[in-house]
Amino acid sequence: MTNIANLDESNNVNGLLDDFEQLEITTNQETETNEEEKEDEISIAQQISERIRERIRERIRELPNSNWIKEINLEDELDFDDFGLSHRFHKVADIVIDNETKLDGTSKRQTVILFRYNGIIPRNDWYNKDEHLYIMTMNGKIIKIGGTRNGLKMRAGSYLCGHHTVERGKSGKCSATNAKIYNTFEFYLNNVENTNIELYAYKLPIKMASIIIEDEETNVVAQTYHKYEAIFLNRYKRQSPSGKYPILSDNADPNV
């Protein structure tokens, strides 16, 4: 004789198993749907990003100084905060469009961008001719690692010489590096919404070296920024999503 209680219990178990199997199938379908939706979202984001880059390329091509403007794909660059040596640096300036005017309303300067010293580091560290490494970021991504022996103020002034291109009706007497960075920054600040460019710096320690000149021993200050720059660039390259130097350090010589 069949035990009704056992039969009911068995039916209940089978019902639970059926519900579980159905739930598992539904969950798997939802997971697959979620994954498909994520893939679709990524694909849409990539398409939008590519359309934006294409519009940027078109705009660059329209400009008379297009040969001095470098297209920047921030997806290829490393976040400043993720760079293993970022703790050495302090923010020292914002790089902005120069809208400062005289009392009569005319522009204070011919140049169109400005390195706005922020006062975080001592003023002497901005003006003095000391060795520094510096990092330039765009929207938090590292786009340039460089070095100077002439101090930050003078290096910023040197970049402003990039204004003097023939395409702007000037003499053309400026380095290719300065022209590229100056014109690229002006383009992005003027044409790409919410572009934020910052300058960070690391004041290098003074290193003394003892040398012999005409049988006389003397101490001199060693120039070290080139070696620091090479090491920091190679560290960046190891971490970079693209495995390359920052986009605006593409002419750097890490073996100097």
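Here are the numbers for this structure:
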| item | result |
| --- | --- |
| Of all residues in region 173-193 being among the polar types (S, T, N, Q) and without any contact (Cβ under 8 Å) to a residue 60 or more places away in the chain, the one that is surrounded by the most Cβ atoms within 10 Å (Cβ to Cβ) | 178 |
| Residue within region 131-140 that is at pLDDT below 95, in a loop (DSSP other than H, G, I, E, B) and either surrounded by fewer than 18 Cβ atoms within 10 Å (Cβ to Cβ) or within 21 Å of the chain's Cα centre (by Cα) (or both) present | no |
| Cross-chain or 6+ apart pairs with Cβ under 7 Å, region 194-221 first and closer than 30 Å to residue 93 by Cβ, then of a type in the set (Gly, Ala, Ser) and surrounded by fewer than 18 Cβ atoms within 10 Å (Cβ to Cβ) | 207/222; 208/222 |
| Criterion: among the aliphatic types (A, V, I, L, M) and surrounded by fewer than 15 Cβ atoms within 10 Å (Cβ to Cβ) - qualifying residue of 211, 247 | 211 |
| Selection from region 98-124 of residues that are of a type outside the set (Phe, Trp, Tyr) and either touching a His at 6+ places or on another chain (Cβ under 7 Å) or surrounded by 18 or more Cβ atoms within 10 Å (Cβ to Cβ) (or both) | 98, 110, 111, 112, 113, 114, 120, 121 |
| Residue among 222, 201 that is among the aliphatic types (A, V, I, L, M) and surrounded by 15 or more Cβ atoms within 10 Å (Cβ to Cβ) | 201 |
| Selection status of residue 146, in contact (Cβ under 8 Å) with a residue 12 or more places away in the chain, within 30 Å of residue 222 (Cβ to Cβ) and buried (at least 20 other Cβ atoms within 10 Å of the Cβ) | yes |
| Tally, over region 67-99, of residues that are part of a helix (DSSP H, G or I) and among the charged types (D, E, K, R) | 5 |
| Unmet criterion (only one of (1) in contact with a His (Cβ under 9 Å, 6 or more places away or on another chain); (2) modelled with pLDDT under 95; (3) of a type outside the set (Gly, Ala, Ser); (4) farther than 23 Å from residue 129 by Cα) for residue 255 | (1) |
| Tally, over region 149-170, of residues that are among the polar types (S, T, N, Q) and buried (at least 19 other Cβ atoms within 10 Å of the Cβ) | 1 |
| Which listed residue is of a type in the set (Asp, Glu), farther than 19 Å from residue 181 by Cα and in contact with a strand residue (DSSP E or B) (Cβ under 7 Å, 6 or more places away or on another chain), from 104, 94, 125 | 125 |
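Residue-wise test of (1) charged (D, E, K, R); (2) within 30 Å of residue 50 (Cα to Cα).
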| residue | (1), (2) |
| --- | --- |
| 72 | no, yes |
| 103 | no, no |
| 113 | no, yes |
| 123 | yes, no |
| 144 | yes, yes |
| 155 | yes, no |
| 161 | no, no |
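The values are calculated or read from the model by the stated rules, or taken from the named source; none is laboratory data. Keep in mind that what you see is a predicted model, and the values were worked out from it rather than measured. All Cβ positions, even for glycine, are placed from backbone atoms using ideal geometry, and neighbour counts span all protein chains on display.
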